[in-house]
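Chemist: Below are the structure tokens for one structure; questions will follow.
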Amino acid sequence: MTILEHHSLLPYNTFGLEAKARYFVEVASIEELREVLNNERLKGMPRFILGGGSNILLTKDFDGLVIKNSLNGIETIKEDDDHVWLKCGSGEAWHSLVLHTIELGLSGIENLSLIPGQMGAAPMQNIGAYGVELEAVFESLEAVDMNTGEVRVFTKDECLFGYRESVFKTTLKGQYCIVSVTMRLNKLPKFNISYGDIKRTLDDMRIWEPTVKAVSDAVIKIRQSKLPDPKVLGNSGSFFKNPEIPKAQFDALQAYYPLIPNFPLPNEMVKVPAGWLIEQCGWKGKRVGNTGSHSQQALVLVNYGGATGAEIYQLALDIQASVKEKFGITIVPEVNVV
Ligand SMILES: Cc1cc2nc3c(=O)[nH]c(=O)nc-3n(C[C@H](O)[C@H](O)[C@H](O)COP(=O)(O)OP(=O)(O)OC[C@H]3O[C@@H](n4cnc5c(N)ncnc54)[C@H](O)[C@@H]3O)c2cc1C
């Protein structure tokens, strides 16, 4: 285990931003993690767990310790007639894991194909796509308390999952390093293909009786056609969350904007696509210096090359302010600003 100093984070974030970590260390086991947490020289300084770097915006150098997660391993811990419980190291690459479960003939996370990043970050924000969120298959996780080094098990209820939310993004932010996640996957597929273009894409692929692999292939196809590839154009996926507003506020807006898209929620709330709001404010496809809002996905902010994190953050603030001014809605980042 080597502790590096002034280490460049450029290869470790999908926005493709240059920022340096004062200290940087890669850990491959709980013992190594504990060793780092107990290191006298590194004690007391700000710490940050780095996964695949696909949900962070580095706005400056990090004057502390970056812990790169490489805790790998996949294990079947339980099985019954209908389900298999897989315990996965938090450093496992998410998409490879999805493909692995498909090879094992299991279903449950195929709609989440091609989401970048690692297993450990998936419960952080309860990743979701095409009508499925991680919580649907989540059983429990193990996390190391960064102050005591103790391992704590979190049940689903304790994670307080919400839309791109969990307790690890709110009250317990920065306190735990997630080291493993157990998912309960289905032996018999339960397809969820009514959302977005999945059904139409399967039809285009001339697949009338879908398999788990076919659904995954369809999702991959859709995502590749809609989202910019971070290897080509730096980005972090959706920059903002879709806001949820009270129905009364929505009704008032709809009177002015009859075409406003909406998804009614329980509790008299309505979800409005942030991309639509941003587009209405004239940001879609707009370039500002080396950054901008993507031409096909207003919600995705991109680095055209040479952008700084501060530049992208300023763009995000400007977009946020114009949405607030036009619609009276505050959109909040999904991306973790560092
Ligand atoms: C092109 C593209 C498409 C995307 N599409 C989607 C999508 O459809 N749905 C979706 O939900 N997300 C999407 N994302 C966002 C992103 O991929 C997910 O949020 C992913 O789970 C982030 O994983 P990561 O390992 O890269 O996390 P990182 O960016 O490394 O970290 C994110 C946050 O989690 C913390 N963290 C990471 N690992 C741990 C750990 N082991 N323990 C404690 N804290 C940890 C970090 O400190 C940080 O605060 C997309 C991103 C891109 C670039």
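What follows is calculated from the coordinates using simple rules that are stated; it is not laboratory data. Not measured: the values here are computed from a predicted model. Here the Cβ is made from the backbone with ideal geometry for all residues, glycine too, and neighbour counts use every protein chain on show.
Chemist: Would you be able to tell me the number of residues in segment 130-150 that are touching a residue at least 60 places away in the same chain (Cβ under 8 Å) and either in contact with a Cys (Cβ under 7 Å, 6 or more places away or on another chain) or buried (at least 18 other Cβ atoms within 10 Å of the Cβ) (or both)?
Modeler: 4
Chemist: Another one. Can you name every residue in segment 88-125 that is of a type in the set (A, V, I, L, M, F, W, C) and assigned to a strand (DSSP E or B)? Explain how you work it out, then say what you get.
Modeler: Taking segment 88-125 and keeping what is of a type in the set (A, V, I, L, M, F, W, C), we get 88, 93-94, 97-99, 102, 104, 106, 109, 112, 114-115, 119, 121-122, 124.
Passing the criteria: Cys88, Ala93.
Yes/no per residue for (1) buried (at least 20 other Cβ atoms within 10 Å of the Cβ); (2) in contact (Cβ under 8 Å) with a residue 24 or more places away in the chain:
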position: Ile178; (1), (2): yes, yes
position: Thr182; (1), (2): no, yes
position: Asn186; (1), (2): no, yes
position: Pro189; (1), (2): no, yes
position: Trp208; (1), (2): no, no
position: Val219; (1), (2): yes, yes
position: Ile222; (1), (2): no, yes
position: Lys231; (1), (2): no, no
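Chemist: While we're here: Condition first: within 16 Å of the ligand (Cβ to nearest atom) and either within 22 Å of the chain's Cα centre (by Cα) or touching a residue at least 24 places away in the same chain (Cβ under 8 Å) (or both). Now tell me which residues in segment 1-17 satisfy that. Walk me through how you get there before you give the answer.
Modeler: Initial filter on segment 1-17 (within 16 Å of the ligand (Cβ to nearest atom)): 7-17.
Correct list: His7, Leu9, Leu10, Pro11, Tyr12, Asn13, Thr14, Phe15, Gly16, Leu17.
Chemist: Say whether the condition of being closer than 14 Å to Gly234 by Cα and surrounded by 15 or more Cβ atoms within 10 Å (Cβ to Cβ) is met by at least one residue in segment 271-290.
Modeler: Checking segment 271-290: at least one residue is closer than 14 Å to Gly234 by Cα and surrounded by 15 or more Cβ atoms within 10 Å (Cβ to Cβ).
Chemist: Okay, next question. Does Asp217 fit the bill of being within 23 Å of the chain's Cα centre (by Cα), outside any strand (DSSP E or B) and near the ligand (Cβ under 10 Å from one of its atoms)?
Modeler: It is false that Asp217 is within 23 Å of the chain's Cα centre (by Cα), outside any strand (DSSP E or B) and near the ligand (Cβ under 10 Å from one of its atoms).
Chemist: Of all residues in segment 179-214 being β-branched (Val, Ile, Thr) and outside any loop (DSSP other than H, G, I, E, B), which is farthest from the ligand (Cβ to nearest atom)?
Modeler: So the first thing to find is which residues in segment 179-214 are β-branched (Val, Ile, Thr), and the list is 179, 181-182, 193, 198, 201, 207, 211-212.
Then keep just the ones that are outside any loop (DSSP other than H, G, I, E, B); that gives 179, 181-182, 198, 201, 212.
Values: Val179: 7, Val181: 9, Thr182: 14, Ile198: 13, Thr201: 16, Val212: 18 Å.
By that ranking, first place goes to Val212.
Table: residues versus (1) within 22 Å of the chain's Cα centre (by Cα); (2) not small (Gly, Ala, Ser).
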| site | (1), (2) |
| --- | --- |
| Ala248 | no, no |
| Asp251 | no, yes |
| Gln254 | no, yes |
| Asn262 | no, yes |
| Ala274 | yes, no |
| Trp283 | no, yes |
| Gly289 | no, no |
| Ser295 | yes, no |
| Val300 | yes, yes |
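Chemist: Still on this structure, I have one more. Please specify each residue of segment 104-120 satisfying the condition of being closer than 22 Å to Gly131 by Cα and more than 10 Å from the ligand (Cβ to nearest atom).
Modeler: Kept after step one, since they are closer than 22 Å to Gly131 by Cα, are these residues of segment 104-120: 105-120.
Residues satisfying the conditions are Gly105, Leu106, Ser107, Gly108, Ile109, Glu110.
Chemist: Being without any contact (Cβ under 8 Å) to a residue 24 or more places away in the chain, closer than 30 Å to Asp81 by Cβ and aliphatic (A, V, I, L, M): is that true of Ile198 here?
Modeler: Working: without any contact (Cβ under 8 Å) to a residue 24 or more places away in the chain: no; closer than 30 Å to Asp81 by Cβ: yes; aliphatic (A, V, I, L, M): yes.
When the stated conditions are applied, Ile198 does not pass them.
Chemist: Within segment 291-338, can you find the residues that are within 23 Å of Leu253 (Cα to Cα), β-branched (Val, Ile, Thr) and buried (at least 16 other Cβ atoms within 10 Å of the Cβ)?
Modeler: Within segment 291-338, Ile319, Val323, Ile329, Ile331 qualify.
Chemist: Can you tell which of Met146, Met124 is within 8 Å of the ligand (Cβ to nearest atom) and farther than 17 Å from Gly73 by Cα?
Modeler: Met124
Chemist: Check whether at least one residue in segment 24-34 is charged (D, E, K, R), without any contact (Cβ under 8 Å) to a residue 24 or more places away in the chain and out of contact with any helix residue (DSSP H, G or I) (no Cβ under 7 Å at 6 or more places or on another chain), and report yes or no. Explain how you work it out, then say what you get.
Modeler: The initial filter retains those residues of segment 24-34 that are charged (D, E, K, R), namely 26, 31-32, 34.
From what is left, the residues that are without any contact (Cβ under 8 Å) to a residue 24 or more places away in the chain are 31.
So of that shortlist, the ones also out of contact with any helix residue (DSSP H, G or I) (no Cβ under 7 Å at 6 or more places or on another chain) come out as 31.
Yes, the conditions are met somewhere in segment 24-34.
Chemist: Could you list, in sequence order, the residues of segment 220-260 that are of a type in the set (A, V, I, L, M) and part of a strand (DSSP E or B)?
Modeler: The first filter runs over segment 220-260 and keeps only residues of a type in the set (A, V, I, L, M), leaving 220, 222, 227, 232-233, 245, 248, 252-253, 255, 259-260.
The answer is Ile245, and nothing else.
Chemist: Now, a different point. Give just the number: which of (1) farther than 18 Å from Val132 by Cβ; (2) in contact (Cβ under 8 Å) with a residue 40 or more places away in the chain; (3) under 15 Å from the mean Cα position of the chain (by Cα) does Gly64 not satisfy?
Modeler: (3)
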